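Each remark here refers to the structure printed beneath this line.
The values are calculated or read from the model by the stated rules, or taken from the named source; none is laboratory data. A quick note: this is a predicted structure, and the numbers were derived from the prediction, not measured. FYI the Cβ positions are ideal-geometry reconstructions off the backbone, even for glycines, and counts take in every protein chain you see.
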Amino acid sequence: MKDPKYDISEGRKTLYYLGMALMAVGFLLFISVFFTMWSNPFGGPSSMGAAPIGFVLIILGSILRGIGAKGLAGSGVVLDPKQAREDLEPYTRAGGGMIKDALDETGLTRPDNYEPQVKLRCRSCRALNDEAARYCSQCGEEL
């Protein structure tokens, strides 16, 4: 049986953090235009060229961040369902683990000694009765 992957590769982590850095630089470039216009509205050199560059960096950073987080197939760049499943395996394991932890805390999981019970519903009064019962425990009708 294949060993499950719990970790994301170093290359994908680097790509993720590079995308985050590009998004931060792009945001600073984009927002700097507004501060420049606010501080000097009537003159001086215009820095309007920084806004489109910042916007492009934000978009490029978000694309790189998505590929770094989910991999090429997991982010939809490469259409390969098997590879996408492998790329997203750490996230699906983490999600399943978090759900299991939450259910364990609430006590909603089945105990180890759980055995299913079969019940019969009475046709007359709709009450639930044991599987071996011949008569309804509520109204007495034959089951």
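Brief remarks follow.
- Looking across the stretch 100-123, the residues that are in contact (Cβ under 8 Å) with a residue 12 or more places away in the chain, part of a loop (DSSP other than H, G, I, E, B) and surrounded by 11 or more Cβ atoms within 10 Å (Cβ to Cβ) come down to CYS122, ARG123.
Residue by residue, here is whether (1) assigned by TED's automatic domain parsing to the domain that holds LEU22; (2) touching a Leu at 6+ places or on another chain (Cβ under 8 Å); (3) closer than 30 Å to ALA21 by Cβ; (4) surrounded by fewer than 11 Cβ atoms within 10 Å (Cβ to Cβ) holds:
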{"site": "ILE58", "(1), (2), (3), (4)": "yes, yes, yes, no"}
{"site": "ILE63", "(1), (2), (3), (4)": "yes, no, yes, no"}
{"site": "GLU89", "(1), (2), (3), (4)": "yes, no, yes, no"}
{"site": "MET98", "(1), (2), (3), (4)": "yes, no, yes, yes"}
{"site": "CYS125", "(1), (2), (3), (4)": "no, no, no, no"}
{"site": "ASP130", "(1), (2), (3), (4)": "no, yes, no, no"}
{"site": "TYR135", "(1), (2), (3), (4)": "no, yes, no, no"}
{"site": "GLN138", "(1), (2), (3), (4)": "no, no, no, no"}
{"site": "LEU143", "(1), (2), (3), (4)": "no, yes, no, no"}
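- Test: residue in the stretch 38-56 that is within 30 Å of LYS13 (Cβ to Cβ), at pLDDT below 75, aliphatic (A, V, I, L, M) and in a helix (DSSP H, G or I): no
- Residues in the stretch 71-87 that are among the small types (Gly, Ala, Ser) and surrounded by fewer than 11 Cβ atoms within 10 Å (Cβ to Cβ): none.
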